[in-house]
Amino acid sequence: MGHVHILRHFPSPQEGFNRTVRIYTPDNYDASRDHRFPVLYMHDGQNVFAHPESAVFDTWCANRVAEENVSAGRMEPWIIVAVDSGPGRFQEYSPWDEPRNGVSARGEAYGRFLVEELKPYIDRTYRTRQGSEWTGTMGSSLGGLISLYLGWKFPRVFGRIGALSPTVMWSEGRLFDAWREHSQRWTRIYLDAGATEFIHAGGIPLDYGQGTRDFFHHLKGLGYGDHEVSLVLEPGGEHHEKDWQRRLPGAMQWLLG
């Protein structure tokens, strides 16, 4: 079932510290020496793979899900690059300040690290397929917000965006204000949440079901078609790794298939 390679001290000069990066190569990567593979960049990397060195018991098991989807013919093999969150997760996944709980944004620097440092390294080191159509980004919660930000900020780099329970209401909904037009680029955006998913984060009420629904309709109002944006609202879905793991097979099939 493929391989997960862990780079423990990958420099991020844009942010001023080193990161841990986990790289999954699919089962047929070594056997298919002439084949190039699309790449998905995921956040909260310590929670992404079924692997002895993952951080939590309830991970997304993204390597297993990808292999099962490939075996069933629902998608082709992808390289998955999972970046661990660093010191100050709220800050690094925030594109804009959130004054309601004192978060100072570092998301712009994190985005530049991905685009200027990590992606060039991956493209040099692995047999990757170039172009935004073959480069995706995916995350949950604030990781979903930063995925959407990356798709908006760098549409020539990231053409496929997976946002599971995205915190689009963060920073008083700045993402709605920023995303004012269709990118006019090849795009596929997957959005999901629990239909009534709701939490408090640092005293801020976050209605994920309504916020995700509102952002879907916002994108539709900008001209994104049904083939470009998808919305899944799961009855009873909660804000937890086990819920994102449960929805991941369908998310990968729609986004990467």
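The values are calculated or read from the model by the stated rules, or taken from the named source; none is laboratory data. Note that the structure is predicted; figures quoted are calculated from it, not measured. As a convention, Cβ positions derive from the backbone with ideal geometry for all residues, glycine included, and neighbour counts pool all protein chains shown. Note: areas computed on protein heavy atoms with side chains; ligands, DNA, RNA excluded. Shrake-Rupley method; radii C 1.70, N 1.55, O 1.52, S 1.80 Å.
Quick grid of which residues meet (1) among the polar types (S, T, N, Q); (2) in contact (Cβ under 8 Å) with a residue 12 or more places away in the chain; (3) in contact with a strand residue (DSSP E or B) (Cβ under 9 Å, 6 or more places away or on another chain):
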site	(1), (2), (3)
134	no, yes, yes
137	yes, yes, yes
140	yes, yes, yes
144	no, yes, yes
157	no, yes, yes
164	no, yes, yes
167	yes, yes, yes
178	no, yes, no
189	no, yes, yes
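Among the residues of segment 6-31, those identified as surrounded by 12 or more Cβ atoms within 10 Å (Cβ to Cβ), of a type outside the set (Phe, Trp, Tyr) and in a strand (DSSP E or B) are 6, 7, 11, 12, 18, 19, 20, 21, 22, 23, 25.
Considering only residues that are open to solvent by less than 10 Å² (accessible area, probe 1.4 Å) and of a type outside the set (D, E, K, R), which ones fall in segment 88-102? Answer for segment 88-102, where residues must be open to solvent by less than 10 Å² (accessible area, probe 1.4 Å) and of a type outside the set (D, E, K, R): 93, 94. Only one entry in 22, 36 is modelled with pLDDT of 95 or more and under 15 Å from residue 83 (Cα atoms), namely 22.
Listed by position, the strands (runs of 3 or more DSSP E) enclosed by segment 191-257 that each have at least 2 residues that are within 16 Å of the chain's Cα centre (by Cα) and under 22 Å from residue 40 (Cα atoms) are 229-234. Among the listed residues 85, 71, which satisfies the condition of being of a type in the set (S, T, N, Q), buried (at least 20 other Cβ atoms within 10 Å of the Cβ) and at pLDDT 95 or above? Answer to the selection: 85.
For (1) of a type outside the set (Lys, Arg); (2) over 25 Å from residue 108 (Cβ atoms), each residue gets a yes or a no:
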residue	(1), (2)
180	no, no
183	yes, no
187	yes, no
194	yes, yes
205	yes, yes
214	yes, no
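Looking at residue 121, is it under 16 Å from residue 13 (Cα atoms), surrounded by fewer than 17 Cβ atoms within 10 Å (Cβ to Cβ) and modelled with pLDDT of 95 or more? Judged against the criteria, residue 121 is a match. When residue 32 is tested against the conditions (1) over 22 Å from residue 242 (Cα atoms); (2) hydroxyl-bearing (Ser, Thr, Tyr); (3) touching a residue at least 40 places away in the same chain (Cβ under 8 Å), the lone failure is (3). Here residue 111 fulfils each of the conditions (1) in a loop (DSSP other than H, G, I, E, B); (2) open to solvent by less than 20 Å² (accessible area, probe 1.4 Å); (3) under 24 Å from residue 9 (Cα atoms) apart from (1). Per this entry, residue 80 is not counted among residues that are closer than 18 Å to residue 8 by Cβ, β-branched (Val, Ile, Thr) and assigned to a helix (DSSP H, G or I). When segment 216-230 is examined, which residues are found to be open to solvent by less than 50 Å² (accessible area, probe 1.4 Å) and more than 18 Å from residue 181 (Cβ to Cβ)? Hit for segment 216-230 is 230, nothing else. Considering (1) surrounded by fewer than 21 Cβ atoms within 10 Å (Cβ to Cβ); (2) under 18 Å from residue 134 (Cβ atoms), the lone condition that residue 172 does not fulfil carries the number (2).
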